[in-house]
2 protein chains.
Amino acid sequence: MSEYPAVTPEFLAAARGDAPADVLFRGGCVVNVFSREIVKADVAVFGGRICSVGPGILARRTVELGGRVIAPGFIDAHMHVESTMLPPSEFVRLAAPHGTTGVVLDPHEIANVHGVAGIEAVMRNAGEVGEQPIDFMFTLSSCVPSCHLETSGAELTAADLEPMFDDERVVALAEMMNYPGVVFGDPGVLEKVNLGLRRRIVDGHCPGLRGAQLQAYVAAGISSDHESVTLDEAKEKLALGMTIYIREGSAAKNLEALRPIVNERTASRICWCTDDRHPADLQHEGHIDHIVRKAVGLGLDPVTAITIATLNPATHYGRRDVGAVAPGRWANLVVFDSIDNLSPCQVYFKGELIAEDGNYLPQRAHTPESIRSCFPEPSVILPENLDIGSFHVSAPAVGARIRVIDMDPTQLVTGELHIEPLIESDSIVSDMARDVLKLAVIERHSGTGNIGLGFVRGFQLQRGAIASTVGHDAHNLAVVGTNDTDMLIAAKALAQARGGQCAAVDGAVVALLPLPIAGLMSDQPAERVIEQQAALLDATKTLGCPHHDPFMPLSFLPLPVIPKLKLSDKGLVDVERFDFVPLVCDRVEEV
Amino acid sequence: MSEYPAVTPEFLAAARGDAPADVLFRGGCVVNVFSREIVKADVAVFGGRICSVGPGILARRTVELGGRVIAPGFIDAHMHVESTMLPPSEFVRLAAPHGTTGVVLDPHEIANVHGVAGIEAVMRNAGEVGEQPIDFMFTLSSCVPSCHLETSGAELTAADLEPMFDDERVVALAEMMNYPGVVFGDPGVLEKVNLGLRRRIVDGHCPGLRGAQLQAYVAAGISSDHESVTLDEAKEKLALGMTIYIREGSAAKNLEALRPIVNERTASRICWCTDDRHPADLQHEGHIDHIVRKAVGLGLDPVTAITIATLNPATHYGRRDVGAVAPGRWANLVVFDSIDNLSPCQVYFKGELIAEDGNYLPQRAHTPESIRSCFPEPSVILPENLDIGSFHVSAPAVGARIRVIDMDPTQLVTGELHIEPLIESDSIVSDMARDVLKLAVIERHSGTGNIGLGFVRGFQLQRGAIASTVGHDAHNLAVVGTNDTDMLIAAKALAQARGGQCAAVDGAVVALLPLPIAGLMSDQPAERVIEQQAALLDATKTLGCPHHDPFMPLSFLPLPVIPKLKLSDKGLVDVERFDFVPLVCDRVEEV
């Protein structure tokens, strides 16, 4: 874990006021996360670290705050940077203006594509400690692949993870999603948990887990969870000692439901996290600052909301050098006009102004070329003989029903429908009238040639097809469409772009968001990615899809660990049975 | 630091209720230190660790609690076991019945006598992890010797301390008492601080430090303090991020003054500690349980008082495996009749009943012989030619005044008086009429022959002398008396006993408490030590001393780092000048 920075005589001289500090923030109202009060004080910084918080002392330079509020920089306790479609070096450009000075990244998505090399690439792009104006912390992905029911690009064992714990930026074993594996004592899972406990701590992920199984999961030493969706669930977990991360991201939004768990007594047991945050939301709505504002809007005391955003994640991850405006800590600071307007005016990292009025100030640390050079050579390997016939689904016996995934664009959980398919010639085809569209998941990592074929209701496309190489967790290529030609064209376009998301119609690609970094992230500036994504989403509207972002539900349809019916490259999965099921229902099921 | 215990399939099976737990504590009211509520729940234990807190599960054995309160075992966040006059193996017998299941020991006193060997001896006597029914944690003594103005038995550098951090029981560098050394950046001191920060954390000790110097001390990364005596001082330290240990020991009692700092918002930033606790107080009044009861008496919510006694020190020292009644944590538990009667009825350590109704249940782990075998060979080396003449103080010029230490038996701080001495023949002698008694501090570690001679007001002895080899911090032999003969006899008696405290009168020793372990601790059972001490204190009353325990102020008179006038083996020290001063005042001072 990150070492507490060593103390030097020069730093102490500045702290005493015997030698000038570098900067003095004068006349501010400091958010004190220890007493949970706002107090008038001057903040002095030397060598990037706060050396004094109290009466003003000697400094080479002064920043007049004129009564404005100064708080610690925000920390996202858990997120996957891949969902921003940006590598860390670009992510920081969107996050920092929102007051984010620290983030705990779980590079789970790229780990599923590139394994250890993927995690190391993200860490390489993030730079060494202090190289970028944000405190990148890492958790090591614990569940790659998600399970045996899909083909991922890599598999990570405890032995693979162990050497990476030597990196001081690593703060935990990442969310242990295989909660049945923990609860029922799977040896490989316990090996990873015990590794995490030995080297750091272990983050949790146990949606809906309650009662005896939750007791076992907590007993295993797993110390946090960010998957609670109901207040009762969160209360049960908190009472057992878990730190409760309240998640408010682009997909899952739990703040409103969980807000009542925060009170004066529990406040120190809570963190905020986004888990997944899309680039446009990050730019327009914000990051942790957005959660803080929303929480305050829901009646939470602002100082408590800020404490949860700062001291709490620092404490949870054993970081005593960040998370507070206090002597000895890094001068990661956010300035607000007032406590009633928590939109960051200025953001400082290690005492340097890095964002002002929403603008990121440092020069871009990376070009597209240098970003690409951080990461493994991208490739999307489709089956060699992929053609229109690859999407063919044979018609079943007359009168037979097929399993159809029932998708709700606001949920990761799906339903299962049994429907008589639309038959043309000897094939089952997409049926726009009933919104039953063909879905294919094509293995893209190692050329197995695997293609899972199925049907889904919910996208409402009337024309064309949309495709994505973001497809949790294995990130195979998922494509849904109204006809096989456009599905083929969309898939081939993504192979050519070496990853991304696209829409095709009438035999041509009409919008493409290239994601050449592992098929998950762009190498382009954040602003360009946001534009490309907006154009892509607009294009899907012209195909008849009414949803804001159909790629979000599309990317979760392959995930064979979230109920109920899913489609991986290996076939249709009944997650509750944790096994494959045929497309065509048997007679018993039809009844 | 102590590793989080590894999780096993058997433990998880018990947690799930699929295999019987070892014990089920049924029908209790659990003090939940996370939600800070009392909740009805059954507590199951397997392999010494809590595996379930909720509805009762299968267990081989059941303990019916019948609505009684069950709480985590108490942790003393900072104490010197030497002040109990007992080695750890005997200390546990007094502390455990009071609900203490963990204690953070700073073996500072023995470190001043025997250096690394002393610290290692205490750790050896404490046993390996789990060997004794208490969780012994250690901090490594940072300030040996206290300063250059006295002769200690050892000197500890950062290089001496470093290897001991490999012991997993070590949780911090111990209280950094040399706060001027920190504040002003003394290289040797910073080397130790940086070592502590690198390997663990650094505990503080900064009595009365405020303002700019406190900023520097905190900026150095020192994360706790237990020396606040006023509310304002504690508030200032808390606001800067220090964990505030509220100390309530046998000598210093700060709870009443500091109680108001604890509120719902600050509760997670507070610990309790005793620092120094005498054996009789430990037995009769209690330990951390005494502080908890007193705090509740002062209006603190009992659940908060218990949280401060349990979760908070565990969290401060990074121990996630103790400090709560929660799955995964060691089953260190205290049972009370009700939340309104916080006297422990039963105490469990790792699920085993170790004390009931004030009685300690395990067999004594050590005999006097085995205790002695843990420690370095004791010796008290007095000057070879020590005789009555050694105590002679020559008379000054007629009319001259001498410096006299003004002792208040309830304070460590002394005053300085300038008084015309009582002269007999050519000597200054003790003057019982004005309560100005002769004081000698004799170097006892290496036979330097050093004897510091001075005078003190406050003991009110009318006859005889009292002597002690407990004499902070160097623990030289301190003797105060009405005549040189009894002083010599008392000193020689302690040399013969190889350490201890005694009273002599009319040429004979009348009471002796032998402390043959480093001259600080007994090798006898705790009960015997308490008897011996009571007899000794009774004897001092017969000499005219009205104080409950004159050995307490006597043992602090040599300490040349607490103002104002002190006497070390090297001479009279003006602590504010941080230098020696002559016994006889010069003319200017006499004015």
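Where a number appears in this text, it was derived from the coordinates with a stated rule and is not lab data. Keep in mind the model is a prediction, meaning the values are calculated, not measured. Reconstructed Cβ throughout: ideal geometry from the backbone, glycine too, with neighbour counts over all protein chains shown.
Helix A:288-297 and the longest principal axis of the C-alpha atoms of chain A enclose an angle of approximately 80°. Neighbour counting of Cβ atoms within 10 Å sorts the residues B:Thr274, B:Thr414, fewest neighbours leading, into B:Thr414, B:Thr274. Here segment B:492-581 is treated as an ellipsoid with the same Cα gyration tensor; its semi-axes, largest first and in whole Å, are 27, 16, 13. Every helix of 4 or more DSSP H residues in the protein assembly as shown counts as -39500 (n - 2.57), and over all residues that averages to -7000 deg cm²/dmol at 222 nm. Relative to its residue count, segment A:140-296 spans a Cα convex hull of 134 Å³ per residue. Working ranking of peptides A:392-398, A:6-12 by packing, defined as the average number of other Cβ atoms within 10 Å per residue, highest first, is A:6-12, A:392-398. Scattering from chain A was approximated by placing one identical point on each alpha carbon and applying the Debye formula without solvent; log10 I(q)/I(0) at 0.06, 0.10, 0.12 1/Å stands at -0.32, -0.84, -1.16. Normalised by the number of residues in segment B:257-371, the average gap of Cα pairs under 8 Å and 6 or more apart makes the relative contact order 15 percent.
So, in Å, what gap is there between the alpha-carbon centers of segment B:424-444 and segment B:9-87? One Cα centre to the other: 58 Å. Counting beta carbons within 10 Å around each of B:Cys345, A:Cys51 and listing the fewest first gives the order B:Cys345, A:Cys51.
Selection among B:Asn476, A:Ala14, A:Ala280 by position relative to the dipole of the protein assembly as shown gives A:Ala280 as farthest towards the positive end (Cβ unit charges, Cα centre). Positive end of the dipole of chain A, charges at C-beta (+1 Lys, Arg; -1 Asp, Glu), about the Cα centre: which of A:Ile339, A:Phe184, A:Pro558 has its Cα farthest in that direction? It is A:Ile339.
Largest first, the three principal axis extents of the alpha carbons in segment B:66-212 are 58, 36, 27 Å in whole numbers. Taking the DSSP bridge list for the protein assembly as shown and keeping only pairs wholly inside it, about 70 percent are antiparallel.
The convex hull defined by the C-alpha atoms of segment A:1-56 has an orientation-averaged projected area of 4.5 nm².
Of A:Gly447, B:Ala59, A:Val113, which is farthest along the charge dipole of the protein assembly as shown in the positive direction, counting Lys and Arg as +1 and Asp and Glu as -1 at C-beta? Final value for the positive-end residue is B:Ala59. Of the trypsin sites (Lys or Arg not before Pro) found in segment B:508-585, those in coil by DSSP whose Cβ has at most 14 other Cβ atoms within 10 Å are B:Arg577. For B:Lys40, a cut-off of 15 angstrom between C-alpha atoms picks up these aspartates and glutamates, skipping any fewer than 8 places away in its own chain: A:Glu236, B:Glu64, B:Asp337. I'd like the antiparallel share, as a percent to the nearest 5, of DSSP beta bridges with both residues in chain A. So the antiparallel bridges in chain A amount to around 70 percent. Given in Å, the Rg to one decimal and the Dmax to the nearest whole number for the Cα atoms of segment B:103-153 are 12.2, 41.
The length gained by stretching the chain between A:Ile419 and A:Ala6 to full extension, at 0.36 nm per residue less their Cα-Cα distance, is 142.0 nm. Between B:Glu155 and A:Glu37, what is the FRET efficiency for a Förster distance of 41 Å, r being their Cβ-Cβ separation, to the nearest 0.05? So, using R0 = 41 Å, E works out to roughly 0.40. Computed over segment A:240-301, the P(r) curve from all C-alpha pair distances, binned at 10 Å from the origin, holds 22, 55, 21, 2 percent per bin.
Restricting attention to segment A:11-129, close to 55% of DSSP beta bridges with both partner residues there are antiparallel.
Spin-label model, A:Ser373 to B:Glu131: label points 7 Å out along the Cα-to-beta-carbon direction sit 5.7 nm apart.
Hey, what D do you get for segment A:210-357 in µm²/s if you plug the Kirkwood alpha-carbon radius into Stokes-Einstein at 25 °C and 0.890 mPa s? Once the numbers are plugged in, D ends up at 151 µm²/s. For segment A:328-384, a Kirkwood hydrodynamic radius built from all Cα pairs, placed in the Stokes-Einstein relation at 25 °C and 0.890 mPa s, yields a translational diffusion coefficient of 167 µm²/s. Which number comes out as Rg/Rh for segment A:346-500 once both Rg and the Kirkwood Rh are worked out on C-alpha atoms? My calculation puts Rg/Rh at 1.15.
Summed over all non-identical Cα pairs, the Kirkwood treatment of segment B:320-423 gives a radius of 21.0 Å.
Dividing the C-alpha radius of gyration of segment A:500-539 by 2.2 N^0.38 Å, with N its residue count, gives 1.15. The C-alpha radius of gyration of the protein assembly as shown, expressed as a fraction of 2.2 N^0.38 Å, stands at 1.08.
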